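For reference, the structure discussed in these notes is given below.
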Amino acid sequence: MNEKKWIVISILLIFLLTVGSYLFENIIKQQGLKSGEIIKITEKRKVIAFLSADILTQLMKQNSQEDDVSMGPSLLLTINAVGVSEFEQIEVTGKYRKETFVLHKEDINDDLLLVLESNGTVNLYKKNNDSKFLVKEVTEISIRN
């Protein structure tokens, strides 16, 4: 009888740890989305990836030349890194006022950068645009086909 009791307690403990870890992950993900520190990538209204500033930093390091002092990876490189190569337009949404910037395929080039900020947020910037961000604190990038 004592052995059955320990087995039931062990199974219950494993179940509670599993449920707790999923709950914890979901809470952390939601907080990151609200703070602008995690970017949700969607295609056909389905989430295909979540990106953080850490991932974008690694992407930038892997694809930059030594003489290139970049502020972040290009939007095109980021989209390609999550496995998207065919699209008609991209909508970039910001945290504040839910500002949305729509880009058509012919507008997207390596001049559009995802600039990494020290607080973990990311801004959309176009080179030679008088230091103005197109979208501040990007929260979502939607791929439209």
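The values are calculated or read from the model by the stated rules, or taken from the named source; none is laboratory data. This is a predicted model, so every value here is computed, not measured. FYI the Cβ positions are ideal-geometry reconstructions off the backbone, even for glycines, and counts take in every protein chain you see. Each accessible area value is taken on the protein alone, full model and side chains, heavy atoms only, with ligands, DNA and RNA left out. Shrake-Rupley method; radii C 1.70, N 1.55, O 1.52, S 1.80 Å.
Things worth noting here:
- Meets criteria (among the hydrophobic types (A, V, I, L, M, F, W, C), under 22 Å from residue 29 (Cβ atoms) and open to solvent by 70 Å² or more (accessible area, probe 1.4 Å)) for residue 135: no
- Selection status of residue 145, at positive phi and more than 16 Å from the chain's Cα centre (by Cα): no
- Residue that is modelled with the lowest pLDDT [pool: residues in region 14-38 that are open to solvent by 100 Å² or more (accessible area, probe 1.4 Å) and closer than 25 Å to residue 118 by Cβ]: 34
- Residues of region 108-132 that are hydroxyl-bearing (Ser, Thr, Tyr), open to solvent by 20 Å² or more (accessible area, probe 1.4 Å) and within 18 Å of the chain's Cα centre (by Cα): 118, 125.
- Yes/no for residue 55 being closer than 15 Å to residue 139 by Cα, modelled with pLDDT under 90 and open to solvent by 80 Å² or more (accessible area, probe 1.4 Å): yes
- Within region 39-52, the set of residues being open to solvent by 80 Å² or more (accessible area, probe 1.4 Å) and among the hydroxyl-bearing types (Ser, Thr, Tyr) is empty.
- Residue among 128, 119 that alone is on the phi > 0 side of the Ramachandran plot and of a type in the set (S, T, N, Q): 128
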